[in-house]
Every structure is written in C-alpha cells, then in structure tokens.
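J.: Okay, here's the structure, questions in a sec.
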Amino acid sequence: MPRLERTQWYDLARDMNWRFKYVTEEEVFPNQLCDRRDIPDEAWWKWDEPYKISYGEYVHNQVNKDAGIYSVKGATSRSKMFEQLDPGWKSALVAHYGAITLAEYQAAMSEARMGRFGRAAAWRNMATYGTLDELRHSQIQAYFSHALLQKEPRADWAHKAYHTNNWAIIAARHLFDDIFQANEVVSTALQLTFTFETGFTNVQFLGLAADAMNIGDVEFGALISSIQTDEARHAQQGEPTLRLLIEHGKKDVAQKLIDHALWRSWRLFALLTGPAMDYYTPLEHRSMSFKEFMEEWLVKQFLDQFRDFGLEKPWYWNQFLDELNWYHHAIHLGLWYWRPTLWWNPDAGVAPEERDWLETKYPGWHKTFGKHWDVISENVRQGKREMTYPETFPITCNLCQIPLATAAGHAAGYLQSPAPLMLNHQGRRYVFCSQPCKWIFEQNIERFAGHLSIIDRLLTGLIQPPTVPGALTYMGLAPSEYGDDATGYTWAFSPARVAL
Amino acid sequence: MATIPLQATFEGNFVIFLALVEDQATTQVIAEQLAQHVIGRLLTPQNGVMRLRYNNSVLPVDKTLAEIGIGPMEFVEAFYDA
C-alpha cells in the first residue's frame, strides 16, 4: 500500500487542540505554568513550527546520529587519542562536561513542561521531541565522560558538579533555575529556546567543535556537533511563540524576557567558553577568537533574527559589545588565580607567542592583563609559587554569582569606576557586577532576594570553617580535585615580557 | 572593636575581593592590609604611601573606619599616593 508523504497528513495529525467540555482551560493550563498574557486560547492553536518532523522520522534520524557518534567513540576509546591531547584542551573538556551535562537534564525537565503546558498541540509535539533530545544530550555527555574516568578522574564532575556548591556551579544553577526550571512555558520558549539556544549554544557547540576538529579530537567534535543538530530543531520553539506574542501586541513583554536571558547567557558563556577558546585551545588550532565567534554567531546571525521580528537591540547592547574586548580576560585571570576552586586545571595560556596572539586579537591586552601575568610569572620563576595563590575570596554578584570584574573594566578604560553596584533591600545589601545584572534583579526582587551568594554564605557562617580550605570542602572539592595550572607553569619559563 | 567585611580592591587590580578588617584600624593600616592581597601578587610594588579611597574621596590616614562611618560591605579602594 503506498504511503502518504508527510506533508499530506501532517497538519491533520498534529491538530490535537480541542475546546474542553468537562474542565476549564485554566484547570488544564494554569496560568502559573503557561502565562497566556491575555492572548486568546484559540489564537495559540495557530502556533506553527518551521521544521516539521514525524515521530518515525525523528527516531530514524536520532538512531543514525547516535550510531555515528557511538562508532566514533568506539574507535577512539581503543586509541591513545585522549592521552595525547593538549593538556589545556583536556581542561576545556573537563570544564565542559562538568558545567553542561546535568544542565542538559534541567533542560529536559523544562522541555517536558512545555510538552505538557505548551498551549498548542504543535508546540507540545515539538517540546516532546525536545525532551527526548535533552535526555539524549545528558545521557551521551554522561556516557562519554564516564568512559574517561580511568584517564581523568575529574570527569566524575560531569555527574557530580550539579550536586555540589561549587561557586561556578552555583552560577550555572542560578541561571538555569531562572530561565529553565522555575519558569512558565511562554517565558521558557523565549529565554531557553530562542535566546539561550539559538543565540548562544552555537558558540560553545559549533565554535568549540571547529577547534576540536582542528586539534584532532574527533570524539568531542563529533559529539557536540551532533548535539547541536538536535538543538537547531528544538530551539525553533522560540520563533512561533515570539510571533504570537508580537502579533498580539506583546512585543514589550518579549523584549524584556529576551533582554533578561541574553545578558545572563552572556555572563555564563563568557565564563565557560571565553577561556576555553582564547586560552585553553592550543594556539595553532584556534580557528577564531572568542570575540570573533561571538561576533559571528550572536552579533551578526542572532541580531538578524531580532530585526526580522521587529525587536530592538537590548538596552545594554553597547556595554555588551565593549565587554567582548575585556570581560572574559578578567574572568580567565580570576579562574586561574582561584584555580584550586575549580574541578579542572586551567591553562594559563600566556606563553609569549600566546600573549602576542591575544594582543593582536584584543589590542590593549598587554597593558590591561599582561601586567598581572608579568607579576605572576615572575613569582613562578622565583620559586614563590605561594604568591600565585589567593588568601581571600572575590566578591560575587548577587545575580549572576560570578566574581566582580568591574576593576578590570575600569582599568581597561570601559567603565567609569571600579565600584560594585549596590542595592539595599529589607535590611540586606546586594551587590552586582553590572547594570544589567542589577536591572534583572530589580525587575523581580522577590524571585531573587532570598538567594545567598557564596560570599553571603561565608559571611553568615554557613561555610565552616570560614577559611579557604573550608570553602573548598564546602564546594565539594577533595584536595586531589583542586585545580592547578594545566601545563605545570612551563609558560612562565620563557623570557619575561614587559607590558607594552 | 569589630571585624567587618569590606568590598575592596587596589587601584589597577582586576577584581573586587573580600577584606575582613578591624573597624578601629586606621585607613593607612587598612590600605596596607588590602595591598597584601594584590601588591607583589598581581601588581608590581611601587614607591609611595598607600592611601584609601571611599566614595571618590581620599580618606585621612589617621582616621579609623569607625570614625569615618564605613560599615560592612562598603567599597574601598587602596592606591599609591605618589
């Protein structure tokens, strides 16, 4: 019997919206889980996904994808490929697996919420595939990293990280709890699928995949580019949701949700992807700088989508463009300086030829950041390793949970003052790294005000003893897991450079 | 006499850090304590007296935080006064 083409039956099969007779719309789709924002229920039924797929096709495609990457894995696991990888690159992998694996599971829960409470059947279908995608992503990244355990014990953080109070994971969880977990579905479609996934994940998953292929890490390159093919499909839930909001006069609502998520996503990607691309990836294999990747994927491609919808650039856009020149360099320096707090070994990435590359890609790097690395490398050469470790903690932002790098922005000439931004609310002082972080906090104070940053926890006695070792234990790190320089400080034993 | 937390940095540094200081200490002493975290670790030592800046004002060297009224989690910046 001849089979019908998908286009001949798809619209009928996905039209599973109906008017409820025995219960109310509100009972089935509570506004707390699906904030309709006064858009009529049946208007949501027009939700239309750009990329259509049947379940049979989905299964067929996904089986082929998994067969592809598992066969690559099968071949590489029998080789010495991992052992021979550059140590800085290995650190990028360990950092990635720790930060991302269980975030994918959070995303699965978020997709599942859209799968139940999305207000159109077509949306619920796409979100169901999205749930399966994110389960796949959490499982394959857990599986790939699990297979590395014999060679790299801290691959364990792929599973462990999100169950700890590591400061970087507090930052990741705060973001993902905000835009994935504790979010109704319309906001999730705009913040997770449209902003975070369409805007940013390409930088980590395709940009880093390009570097991986250059390096010869076919296993990781194949893994994350395969993951991203799923992303391209389920990230499409954002567009039709955005269209509906705009058609019904809710452009301001959409703009605010996107502005909020874009800034928060930028903060996390600057922490994770910035150092990986500009410092951990071996110099000869860097396809582009982090700034260049961001300019391609976010400034150019994502911004085009903004314009197509008639959205404005976020109000902080100029600040964001400025930060592409300095922010992740400050974060990298902080990650390295506070390296015992990490579950990976950061690669300083400041050998003379690497510094020259940084100066070429980021004019002024020597003046703003090279001066710090000069002092650090001199201490290393003099055998004063203890002077390269901190004796206190950085102040962390009460929104993004990341150390305040305002001093670097001021030193680099982009901020008028190094001072933190502050807010006093109900007898408590909150501090922020930037105007956008403070703005996000103030838009929804009661949502965020109860959270304690890692510094708040220290100051209120939750971390005992309140010392550096006590904090490391609180963060889930055993001494054998403390981060250290990826290359054994060899970069310091080259002729010292004078900051230009 | 109380130990209070401050948000602090040294001019030219890259990050704001937590400093636990005595509120009866003079600003000169505080400036030197803040310098311990930065000078010789992240910035090259220089000649010059260390001073403290708060709310864009340079603080008198012989006054204490308590006398000036600087409380917990205020922001101060140490610097070399050439």
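J.: For the range B:3-81, give the share of DSSP beta bridges that are antiparallel, in percent and rounded to the nearest 5; count only bridges with both residues there.
T.: Rounded to the nearest five, the antiparallel share is 75 percent.
J.: Using Cα positions and a limit of under 30 Å, work out the lysines in reach of residue B:63, with same-chain residues fewer than 8 apart set aside.
T.: Leaving aside lysines fewer than 8 places away in the same chain, none come within reach of residue B:63.
J.: Another question, if that's okay. In terms of Cα to Cα distance under 29 Å, which lysines are near enough to residue A:291, apart from those fewer than 8 places away along the same chain?
T.: A:90, A:256, A:300, A:313, A:361, A:367, A:371, A:438
J.: Could you give the angle, 0 to 90 degrees to the nearest 10, between helix A:327-337's Cα long axis and the longest principal axis of the Cα atoms of chain A?
T.: Rounded to the nearest ten degrees, it is 60.
J.: Also, quick follow-up: What share of the DSSP beta bridges in the protein assembly as shown is antiparallel, in percent to the nearest 5?
T.: Given both bridge residues lie in the protein assembly as shown, the antiparallel proportion sits at roughly 80 percent.
J.: Round to the nearest 0.05 the FRET efficiency obtained for residue A:25 and residue A:251 when R0 = 22 Å and r is the Cβ-Cβ distance.
T.: Working from the Cβ atoms, E equals 0.35.
J.: Moving to a separate point now. Under 23 Å Cα-Cα from residue A:65, which lysines qualify once same-chain neighbours fewer than 8 residues away are excluded?
T.: A:52, A:73
J.: Follow-up. Where does helix A:87-117 land angle-wise versus the long Cα axis of chain A, in degrees 0 to 90, nearest 10?
T.: In chain A, helix A:87-117 runs at an angle near 20 degrees to the longest axis.
J.: I would also like to ask the following. So what is the calculated 222 nm ellipticity per residue for chain A, using -39500 (n - 2.57) for each DSSP H run with n of 4 or more, over all residues, to the nearest 500 deg cm²/dmol?
T.: Helix-only estimate at 222 nm: -15500 deg cm²/dmol.
J.: What list of ³J(HN,Hα) couplings, whole Hz, do you get for the range A:417-426 from phi and the Karplus terms 6.51, -1.76, 1.60, once you set θ to phi - 60° and write x for glycine and proline?
T.: Working through the residues one at a time gives 8, x, 5, x, 8, 9, 9, 9, 9, 6 Hz.
J.: Using r as the Cβ-Cβ distance of residue A:305 and residue A:468, and R0 as 56 Å, what FRET efficiency do you calculate, to the nearest 0.05?
T.: Efficiency at R0 = 56 Å is approximately 0.80.
J.: Counting only other chains, what is the mean number of Cβ atoms within 10 angstrom of the Cβ of each residue in peptide A:387-396?
T.: That works out to 5 on average.
J.: With Cβ to Cβ distances under 10 Å as the rule, what net charge do the other residues near residue A:282 carry (K, R +1; D, E -1)?
T.: Cβ neighbours under 10 Å give a net charge of -4.
J.: In whole Hz and in residue order, list the ³J(HN,Hα) couplings for the range A:368-376 that follow from phi through the Karplus curve 6.51 cos²θ - 1.76 cosθ + 1.60, θ = phi - 60°; x for Gly and Pro.
T.: Working through the residues one at a time gives 8, 10, x, 4, 6, 5, 4, 5, 4 Hz.
J.: Net charge near residue A:13: determine it from the other residues with C-beta under 11 Å of the C-beta of residue A:13, scoring Lys and Arg +1 and Asp and Glu -1.
T.: +1
J.: Further question: Give me the distance in nm between label points sitting 7 Å out from Cα along the Cα-to-Cβ direction at residue A:13 and residue A:59, one decimal.
T.: Output for this residue pair reads 1.1 nm.
J.: Give, rounded to the nearest 20 debye, the magnitude of the charge dipole that chain A has about its Cα centre when Lys and Arg contribute +1 at Cβ and Asp and Glu contribute -1 at Cβ.
T.: 520 debye
J.: Mind checking the full-extension length gain between residue A:33 and residue A:322? Use 0.36 nm per residue of separation minus the Cα-Cα distance, one decimal, nm.
T.: The span from residue A:33 to residue A:322 would gain 100.4 nm if fully extended.
J.: Additional query: Tell me, what is the percent relative contact order of chain B, built from C-alpha pairs under 8 Å that lie six or more residues apart?
T.: Answer for chain B is 40 percent.
J.: Same structure again: Counting alpha carbon pairs within less than 8 Å and at least 6 residues apart, what relative contact order, in whole percent, applies to chain A?
T.: Relative contact order for chain A comes out at 17 percent.
J.: Between residue A:360 and residue A:414, what's the calculated FRET efficiency when r is the beta-carbon distance and R0 is 22 Å? Round to 0.05.
T.: 0.70
J.: From other protein chains only, count the Cβ atoms within 10 Å of every residue's Cβ in A:406-413, then give the mean.
T.: 5
J.: Regarding the range B:3-81, what whole-number volume in Å³ per residue does the convex hull of its Cα atoms give?
T.: In the range B:3-81, the Cα convex hull volume per residue is 77 Å³.
J.: Cut-off 16 Å, label point 7 angstrom out along Cα-to-Cβ of residue A:422: give me the residues of the range A:441-466 whose amide nitrogen falls inside.
T.: Only A:456 fall inside the zone, counting backbone N under 16 Å.
J.: Cα axis of helix B:27-36 to longest principal axis of chain B: angle in degrees, 0 to 90, nearest 10?
T.: Approximately 40 degrees, to the nearest ten.
J.: Considering only the other residues whose Cβ falls under 9 Å of the Cβ of residue A:357, what net charge follows from Lys and Arg at +1 and Asp and Glu at -1?
T.: Around residue A:357, the surrounding residues sum to -2.
J.: For residue A:443 and residue A:75 in one chain, what is 0.36 nm times their gap in residues minus the Cα-Cα distance, to one decimal in nm?
T.: 127.4 nm
J.: Starting at the first residue of the range A:456-470, write each ³J(HN,Hα) from the Karplus equation 6.51 cos²θ - 1.76 cosθ + 1.60 with θ = phi - 60°, in whole Hz, x for Gly and Pro.
T.: Values, residue by residue: 4, 5, 5, 6, 9, x, 6, 9, 10, x, x, 10, 4, x, x Hz.
Readers should treat all values here as calculations from the given coordinates under stated rules, not as data from a laboratory. For clarity, every value in this text was computed on a predicted model and none was experimentally measured. Backbone-built Cβ (ideal geometry, glycine too); neighbour counts: all protein chains shown.
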